[in-house]
């Protein structure tokens, strides 16, 4: 079955499996401590302090947990957006969220805004905190393979600053990138925040 896939997709699939295994093997206590450092590093950035409307996410599995950053954004009176997966339309839609109590289990079991209690957001977005599987120092990011964030960042969030958050075990030298892959402006790990060059693809 895998032999029928284009070489680029095969390479991405193998790398995705390797990085996910490494992330899952990161002990829970270490992930929690690293997540706190990542949130603190994001909060220290000028781009975060200046942002009025921020898009975050509810962590799933062994992802970087940014709940502390969501809570901080509320305390700082920012407009907080979280994504809801609309699987049939192959997209994520941002909703304004003002508290934890409006989140419900959604697609893939991820906590998502309850559309009966939240309002879809159609205005500008200043910054997007982007999860993923792997990142590199050129601005490359690899997600889970469905392309939800790539389409979102090329559409509704086109003008937003993109901040990829990841554990250091998710950082690779160079990702195999395709034309539709959205590039990141910042990479934040437990080792600090790094402004990315967002170089053109070869």
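The values are calculated or read from the model by the stated rules, or taken from the named source; none is laboratory data. Source: prediction; values computed, not measured. Quick reminder, even Gly has a Cβ in these numbers, built from the backbone with ideal geometry, and neighbours come from all protein chains shown.
Before moving on, here are some points about what is shown:
- Residue within segment 169-176 that is surrounded by 14 or more Cβ atoms within 10 Å (Cβ to Cβ), free of Cβ contacts under 8 Å to residues at least 60 places away in the same chain, closer than 24 Å to residue 84 by Cβ and touching a strand residue (DSSP E or B) at 6+ places or on another chain (Cβ under 7 Å) present: no
- Test result for residue 34, assigned to a helix (DSSP H, G or I), in contact with a strand residue (DSSP E or B) (Cβ under 9 Å, 6 or more places away or on another chain) and over 15 Å from residue 119 (Cα atoms): yes
- Test for residue 155: is it in contact with a helix residue (DSSP H, G or I) (Cβ under 7 Å, 6 or more places away or on another chain), loosely packed, with under 13 Cβ neighbours inside 10 Å and more than 17 Å from residue 8 (Cα to Cα): no
- Conditions (1) in a helix (DSSP H, G or I); (2) in contact (Cβ under 8 Å) with a residue 40 or more places away in the chain; (3) farther than 22 Å from residue 194 by Cα; number of the one not met by residue 18: (2)
- Elements of type strands (runs of 3 or more DSSP E) in segment 99-158, at least 2 residues being under 13 Å from the mean Cα position of the chain (by Cα): 127-130, 134-136
- Of all residues in segment 1-11, none are within 17 Å of residue 130 (Cβ to Cβ) and either in contact with a strand residue (DSSP E or B) (Cβ under 8 Å, 6 or more places away or on another chain) or surrounded by 14 or more Cβ atoms within 10 Å (Cβ to Cβ) (or both).
Yes/no per residue for (1) in a strand (DSSP E or B); (2) within 26 Å of residue 53 (Cβ to Cβ); (3) at pLDDT 95 or above:
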{"site": "169", "(1), (2), (3)": "no, no, yes"}
{"site": "182", "(1), (2), (3)": "no, yes, no"}
{"site": "188", "(1), (2), (3)": "yes, yes, yes"}
{"site": "193", "(1), (2), (3)": "yes, yes, yes"}
{"site": "199", "(1), (2), (3)": "no, no, no"}
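- Pick from segment 24-65, criterion in contact with a helix residue (DSSP H, G or I) (Cβ under 6 Å, 6 or more places away or on another chain) and within 25 Å of residue 104 (Cα to Cα), ranking: surrounded by the fewest Cβ atoms within 10 Å (Cβ to Cβ): 62
- Residue selected from segment 66-107 under the condition within 24 Å of residue 147 (Cβ to Cβ) and out of contact with any strand residue (DSSP E or B) (no Cβ under 7 Å at 6 or more places or on another chain), by the criterion surrounded by the most Cβ atoms within 10 Å (Cβ to Cβ): 91
- Of all residues in segment 111-126, those that are closer than 19 Å to residue 50 by Cα have Cβ atoms under 7 Å from Cβ atoms of residues that are in a loop (DSSP other than H, G, I, E, B), 6 or more apart or on another chain, in 124/159; 125/157; 125/160; 126/51; 126/52; 126/160.
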